[in-house]
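Let me begin by presenting the structure, written as structure tokens, before commenting on it.
Just so it is clear, none of the values below were taken in a lab; they were calculated from the coordinates. Fair warning: this is a prediction, and the values are worked out from it, not measured in the lab. Please note: Cβ atoms are built from the backbone with ideal geometry, for glycine as well, and neighbour counts cover all protein chains shown.
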Amino acid sequence: MSEREWRFYLDDMIAFAEKVLAYTEGLDQKTLIAKGLNYDATVRNLELLGEAATHIPTEQRDAYPAIPWRQIIATRNG
């Protein structure tokens, strides 16, 4: 079985980030935490974003040093 093309993980990362933005729109931190479902969905999508980032090849990550890859990947450990 072939491994999934890494470029699809970029699409996943964008989709997860868009969900985070939608779930947190108009909410400050205190309100986000109080809204349990929004908070849980946000944390889960951040974890998924971090997991997807692990599938981006090192040479691609190195080509974009301004992106905080290590911090993004660390979110998967929520």
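Considering only DSSP states other than H, G, I, E and B, which GluC sites (Glu not before Pro) in the chain qualify as loop sites with at most 16 other Cβ atoms within 10 Å?
E3, E5, E25
Under a GNM of the chain (C-alpha, springs under 10 Å), which listed residue has the highest mean-square fluctuation: T42, T24, T58?
T58
Taking 8 Å as the Cα distance limit and 6 or more residues as the minimum spacing, I'd like the relative contact order of the chain as a percentage.
Averaging sequence separation for qualifying contacts and normalising by length gives 36 percent for the chain.
What angle do you read, to the nearest 10 degrees and between 0 and 90, between the alpha-carbon axis of helix 6-24 and the longest principal axis of the chain?
10 degrees
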